[in-house]
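Comments concern the structure below.
The values are calculated or read from the model by the stated rules, or taken from the named source; none is laboratory data. Bear in mind the structure is a predicted one, so any value in this text is a computation, not a measurement. Backbone-built Cβ (ideal geometry, glycine too); neighbour counts: all protein chains shown. Accessible surface is based on the protein model in full, side chains and every heavy atom, while ligands, DNA and RNA are left aside. Shrake-Rupley method; radii C 1.70, N 1.55, O 1.52, S 1.80 Å.
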Amino acid sequence: MKRSLIFSCALALAACSKSPAPSPGPQPGLGAEAAAPPLGAASAVATASSSGAASAAASASAPRSTLLDEAAFAAAHAADAKSAPALRGATVELAGTRAYLSLPKQGKPPLAGLVVIHEWWGLDDHIERWSDRLAEDGYAALAVDLFDGKIATRPEDAAAQVKALDATRARTTLLAASHFLRTDPRVRAEKVGAIGWCFGGKWSLELGLTDPKLDAVVVYYGQVPSDPEKLAALRSPVLGIFGKKDASIPSTQLDGFERALDTLHIEHRVLRYDADHAFANPRGAHYDKVAARDSWRHVREFFARRLKGAPAAP
């Protein structure tokens, strides 16, 4: 499993490699926000068609000056973004490691909680900004650090971190994170979900397999199995987000993943965008603002329904 993950990351080096942060202006992408059918057993394939009124309503409801808006989120990553919002979270101790906790400005316990899992680079400010973004949407977001404070800037260093990972310890850290969100007096979460990207997407699903009480799992272009036996312990509904141009995760692998979830009768939706690996990272070479914006809309709807009891989007 570890060798497979490293090999898959190696296939996506060009996409994962960091480049100077792009401006928040137009980026190549879908040309329009992707439409997706209701959550269910069938695949939801994102295409270059309008997402309609639901997308417009989601965009209208997000204050343009906050991280909920994709353009503002991308601008916060720009190398020359002197006006970028300061990080609002705090470092906490978690199972002998550090973690980054970001809490909503409004609201009081119990809060819906999210375990946030970094890419193969490590717990950097990009993931901390993601945590702040989730906090702005009303969640207590706890970003774990599975690499003991190490942050890579070169793909070869990131691959070495993945290779050296102690999987047993990683699972312990992730379980500690969900326990923290359920028991910390600032949070006292009654519902907890997980979200991760690339390396973290794989481990977001792993937390769903390890913690039977987890309420929702979001996988951004992470490695997923196609063997039902490897998913048998999963109890959480899953939202999978992938790029059709991602050579590290072929469509046949996603087809097998969906068949396995169908076999197990696990609620799921798999979105496939006309984008490459790491398309939701504004610092990445393959950032696609249209796919990133639309997938973020689906993430917000999914977590709101599963963790806050919001009605399903029309």
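Which of the following residues is farther than 20 Å from Leu114 by Cβ, touching a strand residue (DSSP E or B) at 6+ places or on another chain (Cβ under 6 Å) and in a helix (DSSP H, G or I): Ala275, Ala291? After ruling out the rest, the residue left standing is Ala291. Please verify whether the stretch 256-274 includes one or more residues that are out of contact with any Lys or Arg (no Cβ under 6 Å at 6 or more places or on another chain), within 21 Å of His126 (Cβ to Cβ) and buried (at least 24 other Cβ atoms within 10 Å of the Cβ). Scanning the stretch 256-274, I find at least one residue that is out of contact with any Lys or Arg (no Cβ under 6 Å at 6 or more places or on another chain), within 21 Å of His126 (Cβ to Cβ) and buried (at least 24 other Cβ atoms within 10 Å of the Cβ), so the answer is yes. Inside the stretch 233-255, residues that are open to solvent by less than 30 Å² (accessible area, probe 1.4 Å), touching a Lys or Arg at 6+ places or on another chain (Cβ under 8 Å) and small (Gly, Ala, Ser) make up a count of 2.
The residues on offer are Leu101, Leu175, and the sole one that is under 18 Å from the mean Cα position of the chain (by Cα), in contact (Cβ under 8 Å) with a residue 12 or more places away in the chain and either on the phi > 0 side of the Ramachandran plot or part of a helix (DSSP H, G or I) (or both) is Leu175. Taken together, Val187, Val224, Val192 contain a single residue that is surrounded by 17 or more Cβ atoms within 10 Å (Cβ to Cβ) and either within 25 Å of Tyr287 (Cβ to Cβ) or of a type in the set (Phe, Trp, Tyr) (or both), which is Val224.
Every test in (1) open to solvent by less than 40 Å² (accessible area, probe 1.4 Å); (2) in a helix (DSSP H, G or I) is passed by Lys230 save one, and that test is (1).
Can you tell me which residue is surrounded by the most Cβ atoms within 10 Å (Cβ to Cβ) among those in the stretch 195-213 that are touching a helix residue (DSSP H, G or I) at 6+ places or on another chain (Cβ under 9 Å) and assigned to a loop (DSSP other than H, G, I, E, B)? Checked the stretch 195-213; the qualifying residue surrounded by the most Cβ atoms within 10 Å (Cβ to Cβ) is Cys198. If only residues of the stretch 75-111 that are open to solvent by 60 Å² or more (accessible area, probe 1.4 Å) and touching a Gly at 6+ places or on another chain (Cβ under 7 Å) are counted, the one that is modelled with the lowest pLDDT is Gly107.
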